[in-house]
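The structure appears below as structure tokens.
The values are calculated or read from the model by the stated rules, or taken from the named source; none is laboratory data. What you are looking at is a predicted structure, and each value in this text was computed from that prediction instead of being measured. Ideal geometry is used to build each Cβ from the backbone, glycine not excepted, and the neighbour counts take in all protein chains shown.
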Amino acid sequence: MNAQAGVAVQAVGVGKVFTTRSGAVTALEDIDLTVAAGEFVSLIGPSGCGKSTLLRLVADLDSPSSGELTVFGTSARASREGQQYGIAFQQAGLLPWRTVRANIELPLELHGVGKRQRRARAEELLALVGLTDFAASFPHQLSGGMQQRVAIARSLAEQPSLLLMDEPFGALDEMTRERMQTELVRICAESGAAVLFVTHSIPEAVFLSDRVVVMSPRPGRISAVLDIGLPDGQARGESTREDAAFFANVTAVREALHGGSVADLRGVDVR
Amino acid sequence: MSGRLAGAGAGARKVLAPLVLGVLVLIGWQQLVTVTGIKPYLLPSPTAIWDQLVQIVPLVVSAALATGANVLVGLLLGAVLAIAAAIGAARTRWFDALMSPTAAALSVMPIVALAPALNTMFGTTSTTPRRLVVAVVVFAPVFVNTLRGLRQVQPVHRDLMRAYAATPAQVTRTVTIPGALPYVFTGLRIASSTGVIAAVVAEYFGGLQNGLGSRITSAAANSGYARAWAFVLGAIVLGLVFYLATLTAERVALARQGG
């Protein structure tokens, strides 16, 4: 929708300080980040590096303590209220008393989309995530992977130009996880949405992303940004995982993640 | 196959065991009364109670219906008020500060003791005092359980609704109330049994003579001891009916969400 705007997310000097009983905790410090429209960017880092916090700031589920954050040129709040993003969390977060179809229709229902249109859109999304046969099932009748697919379908319901995903595959087994990653790459390529994706899996970040943002903890900072030179969207598939380029990128991200020492070594040039 | 048979066996045992115990107690009771010659005003025999019951079945049924109507009206009134109050308390802090201590106070007050005062207030030919007693007794358990349910909203659902920029009314309708429903039914199940007790006991304090409680007191006052016990039996059945009805409602509500 806003693809012509060019920039999906822009953070300039963003910081977040949480006030707890034991004092102030700096979760994020001086974050500069730009996500272009249609770009897939992963945030990776150890626990406590503030990657989820950053995602929550973009989603306007929390507000930054300092700096400036814009989403499609407006404030994060205006963008949330204008429903410019879809969101998925580590927990599927489906409503247990609604069928799969009714869960996918939830955002449309809340925003006053008519019954017939809702139904039609839900059918499309069910087909997209391969759950057409489970439309009338309740979430507890589905496996974890299927529930997560429903959550992803729900996040796509309003054809958002930005997808925010907080470790959506974190609770899945490796097999399901890889299949879901392949599906996500395909879905994103089809929809042309920008994605901000939080993960702590290096291969996952590399496989999915155009760029990987590496973060370090206490306080949460961006320590490196890596361009992943893998083929775009549709061309990424199971064979990509066995590419030399894929492994080279995994190594690069791992080195960036393990921080100073490796980088210093490289700086010294040991060859 | 064998598993299903074993399951059926366990089910039969579950029903059979209390039945056998009940029959044994009845036989022991009958023996005690006939052998020791206990006076009927102390303890009538089960056969005497049964003889009475058979004679006055229509009377027991009409009395149970009269009391049952009081329970039903009181239960609905108390539950509706309690659910509305719980929704208010979940949404506004000052209302919670007002209601929660009130509900706690109500739950420890012997409400039935109010029956004579209410009889004077509304007149002795009115069913209103009894229904009010039931409503007040029902209020506390339904309020406390509903409020607990309303506060169970998962953080991920709260985030999701915020992400959707849902209005407070939409959040209440789509997330909070459906999530609280099982708790509401638990409250209703507890309230239904205490409601029946309250309705029967409230009749002990005079007023209309159409219900089970009034019939029990008047039968006992007129030396119709076996008759009094026959009405007590009616009260037990009435209590069971309300308990099973709310239990079924709870099961149905929970089955929908795989609880």
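Surrounded by fewer than 20 Cβ atoms within 10 Å (Cβ to Cβ) and in contact (Cβ under 8 Å) with a residue 12 or more places away in the chain: is that true of B:Arg148 in this structure?
Numbers: surrounded by fewer than 20 Cβ atoms within 10 Å (Cβ to Cβ): yes; in contact (Cβ under 8 Å) with a residue 12 or more places away in the chain: yes.
The answer is yes for B:Arg148.
Scan the range B:223-249 and report the pairs whose first residue is part of a helix (DSSP H, G or I) and whose second residue is buried (at least 21 other Cβ atoms within 10 Å of the Cβ) and aromatic (Phe, Trp, Tyr), with Cβ atoms within less than 6 Å and a gap of 6+ or a chain change.
Listed by first residue and then by second, the contacts come to B:Ala249/B:Phe185.
Name every residue in the range A:32-82 that is away from every other protein chain (no Cβ under 14 Å) and among the basic types (Lys, Arg), in order of residue number. Walk me through how you get there before you give the answer.
Of the range A:32-82, the ones away from every other protein chain (no Cβ under 14 Å) are A:32-51, A:54, A:64-70, A:72-73.
Within the range A:32-82, A:Lys51 is the sole residue that qualifies.
Within the group B:Gly187, B:Gly213, B:Gly224, B:Gly234, which residue is surrounded by 18 or more Cβ atoms within 10 Å (Cβ to Cβ) and in contact with a Leu (Cβ under 8 Å, 6 or more places away or on another chain)?
Numbers: B:Gly187 fails: in contact with a Leu (Cβ under 8 Å, 6 or more places away or on another chain); B:Gly213 fails: in contact with a Leu (Cβ under 8 Å, 6 or more places away or on another chain); B:Gly224 fails: in contact with a Leu (Cβ under 8 Å, 6 or more places away or on another chain).
Step by step, each of B:Gly187, B:Gly213, B:Gly224, B:Gly234 is checked, and only B:Gly234 is surrounded by 18 or more Cβ atoms within 10 Å (Cβ to Cβ) and in contact with a Leu (Cβ under 8 Å, 6 or more places away or on another chain).
Quick check on this structure: which one of B:Ala66, B:Ala82, B:Ala103, B:Ala113 is surrounded by fewer than 16 Cβ atoms within 10 Å (Cβ to Cβ) and assigned to a helix (DSSP H, G or I)? I'd like the intermediate steps shown before the answer.
Numbers: B:Ala66 fails: surrounded by fewer than 16 Cβ atoms within 10 Å (Cβ to Cβ); B:Ala82 fails: surrounded by fewer than 16 Cβ atoms within 10 Å (Cβ to Cβ); B:Ala103 fails: surrounded by fewer than 16 Cβ atoms within 10 Å (Cβ to Cβ).
After ruling out the rest, the residue left standing is B:Ala113.
When the residues of the range B:191-208 are narrowed to those that are part of a loop (DSSP other than H, G, I, E, B) and either modelled with pLDDT of 85 or more or of a type in the set (Gly, Ala, Ser) (or both), which ends up farthest from B:Ser126 (Cα to Cα)? Give the derivation first.
Within the range B:191-208, the subset part of a loop (DSSP other than H, G, I, E, B) is B:206-208.
Next, from what is left, pick out any that are either modelled with pLDDT of 85 or more or of a type in the set (Gly, Ala, Ser) (or both): B:206-207.
Details: B:Gly206: 11, B:Gly207: 7 Å.
The residue in question is B:Gly206.
What single numbered condition from (1) touching an Asp or Glu at 6+ places or on another chain (Cβ under 6 Å); (2) under 18 Å from A:Ala8 (Cβ atoms) fails to hold for A:Ser42?
That leaves (1) as the condition not met.
What is the number of the single condition among (1) within 14 Å of chain A (Cβ to nearest Cβ); (2) without any contact (Cβ under 8 Å) to a residue 24 or more places away in the chain; (3) surrounded by fewer than 19 Cβ atoms within 10 Å (Cβ to Cβ) that B:Ser218 does not meet?
The one condition B:Ser218 does not meet is (1).
Hey, could you check the range A:192-220 for residues that are over 12 Å from the mean Cα position of the chain (by Cα) and part of a loop (DSSP other than H, G, I, E, B) and say which is surrounded by the most Cβ atoms within 10 Å (Cβ to Cβ)?
Among those that are over 12 Å from the mean Cα position of the chain (by Cα) and part of a loop (DSSP other than H, G, I, E, B), it is A:Asp210.
Based on this model, can you work out whether A:Arg149 counts as away from chain B (no Cβ under 11 Å), under 22 Å from the mean Cα position of the chain (by Cα), farther than 27 Å from A:Val7 by Cα and not in a loop (DSSP other than H, G, I, E, B)?
So A:Arg149 fits the description; yes.
Does the range B:160-173 hold any residues that are part of a helix (DSSP H, G or I), crowded, with 18+ Cβ neighbours inside 10 Å and within 7 Å of another protein chain (Cβ to nearest Cβ), and which are they?
Across the range B:160-173, the qualifying residues are B:Leu160, B:Ala163.
Hey, among the residues in the range B:108-154 that are within 14 Å of chain A (Cβ to nearest Cβ) and at pLDDT below 90, which one's nearest to A:Ser155 (Cα to Cα)?
Taking the range B:108-154 first, the residues within 14 Å of chain A (Cβ to nearest Cβ) are B:149, B:152-154.
From the residues that got through so far, the ones that are at pLDDT below 90 too are B:152-154.
Working: B:Gln152: 24, B:Val153: 20, B:Gln154: 18 Å.
Going through the qualifying residues, I end up with B:Gln154.
Given the criterion surrounded by fewer than 20 Cβ atoms within 10 Å (Cβ to Cβ), part of a helix (DSSP H, G or I) and more than 7 Å from every other protein chain (Cβ to nearest Cβ), identify the matching residue among B:Pro178, B:Pro182. It would help to see each step written out before you state the result.
On the way: B:Pro178 fails: more than 7 Å from every other protein chain (Cβ to nearest Cβ).
It is B:Pro182.
Any idea which of (1) under 30 Å from A:Val7 (Cβ atoms); (2) under 17 Å from the mean Cα position of the chain (by Cα); (3) surrounded by 15 or more Cβ atoms within 10 Å (Cβ to Cβ) is the one A:Gln159 doesn't satisfy?
Condition (3) is where A:Gln159 drops out.
Could you go through the range A:173-188 and let me know if any residue there is surrounded by fewer than 20 Cβ atoms within 10 Å (Cβ to Cβ) and not in a helix (DSSP H, G or I).
yes
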